[in-house]
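What follows is a set of notes on a single structure, which appears directly below.
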Amino acid sequence: MSGRSVRNGEPTNDLVLSAFTVGNDRAFPSILGLYVKPGSIVADVTYGKGVFWRRIPPEQYELRASDIRDGIDCRDLPYTDGEIDCVVLDPPYMHTPGGTAHGSASPFEDYYRNNKTGNRTRSKYHEAVLELYVDAGREAHRVLRDRGVLIVKCQDEVCSNRQRFTHVEIMQAYERLGFVAEDLFVIVRNNRPGVSRAVRQVHARKNHSYFLVFWKRDDRRGVWKPPQ
Ligand SMILES: C[S@@+](CC[C@H](N)C(=O)[O-])C[C@H]1O[C@@H](n2cnc3c(N)ncnc32)[C@H](O)[C@@H]1O
């Protein structure tokens, strides 16, 4: 025993690290557990197959799962202002068919081309990806309580030969919406990403994606306090 007094529990070396080499189903519970206390109302607004929730006991959070496939658009949620403790957002994040670094992430065109699923955006390609993130972020800001948490999954991409650091663009846009960017986690893909043959490689082929953590800024001092 060190005799050191610890105000909020036992000291531990078992810390959540900023980079993961495991899948979303293993990384997400650690990230959620670090930022959101058990019993919280969590709206996963792009629930998909629910991979994020596979290893989380159902009684741990009050999960509200929705997806555009069930007719609920993440840009127009059926919640009142400030009702939600945490929003989870993981929309399709690539415009390149078959070019995603994550096999489970559906190519952008499946969801956007011809607006088949109602994803009407004013723009195309990378701009359309960003536009959905920004519009969904604005809606998340509305439904979140003050100091509520927004967890966003995203990936950078090269679009029309231009490097687009999507995670930076999202951070800049969300700061303007009234969020504080608090943390960033890197998810490294274990197997080789699909590669199309290239005569000359220009940019690194991406084999990582991100979880970004934001909280809704309020009038108090801008310092994050972990959930008690
Ligand atoms: C990458 S997948 C999400 C995977 C999910 N996180 C999981 O754990 O299985 C993207 C999801 O976003 C949904 N989606 C696309 N546009 C949407 C929108 N405007 N509103 C809500 N969901 C949307 C798709 O139907 C798809 O299920």
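The values are calculated or read from the model by the stated rules, or taken from the named source; none is laboratory data. Remember, it's a predicted structure, so these values are computed and weren't measured experimentally. Every residue, glycine as well, gets a Cβ built from its backbone with ideal geometry; the counts of neighbours run over all protein chains shown. In case anyone asks, the SASA skips ligands and DNA or RNA and just uses the protein heavy atoms, side chains included. Shrake-Rupley method; radii C 1.70, N 1.55, O 1.52, S 1.80 Å.
Worth pointing out:
- Each Lys and Arg Cβ is given +1 and each Asp and Glu Cβ -1; about its Cα centre, the range 165-204 then shows a dipole of about 480 debye.
- Assuming charge only on the beta carbon of Lys and Arg (+1) and of Asp and Glu (-1), the dipole of the range 1-82 about its Cα centre is about 340 debye to the nearest 20.
- Working note: Karplus 6.51/-1.76/1.60 with θ = phi - 60° gives the range 130-141 the couplings 5, 4, 5, 4, 5, 5, 5, x, 5, 5, 4, 4 Hz, where Gly and Pro are set to x.
- Expressed as a fraction of 2.2 N^0.38 Å, the C-alpha radius of gyration for the range 7-88 is 1.23.
- Modelled FRET efficiency - R0 45 Å, E83 with A19, Cβ distances, 0.05 increments: 0.85
- Options N161, V186, Q172, ranked by Cα towards positive dipole end of the range 157-199, top entry (Cβ charges): N161
- Euclidean distance between Cα centres, the range 142-167 to the range 50-83, Å: 18
- In the range 137-228, the portion of solvent-accessible area held by carbon and sulfur atoms comes to 48 percent [1.4 Å probe, whole percent, DNA, RNA and ligands not counted].
- Estimated dipole of the range 120-178 in Debye, rounded to 20 [Cβ of Lys and Arg +1, of Asp and Glu -1, Cα centre]: 160
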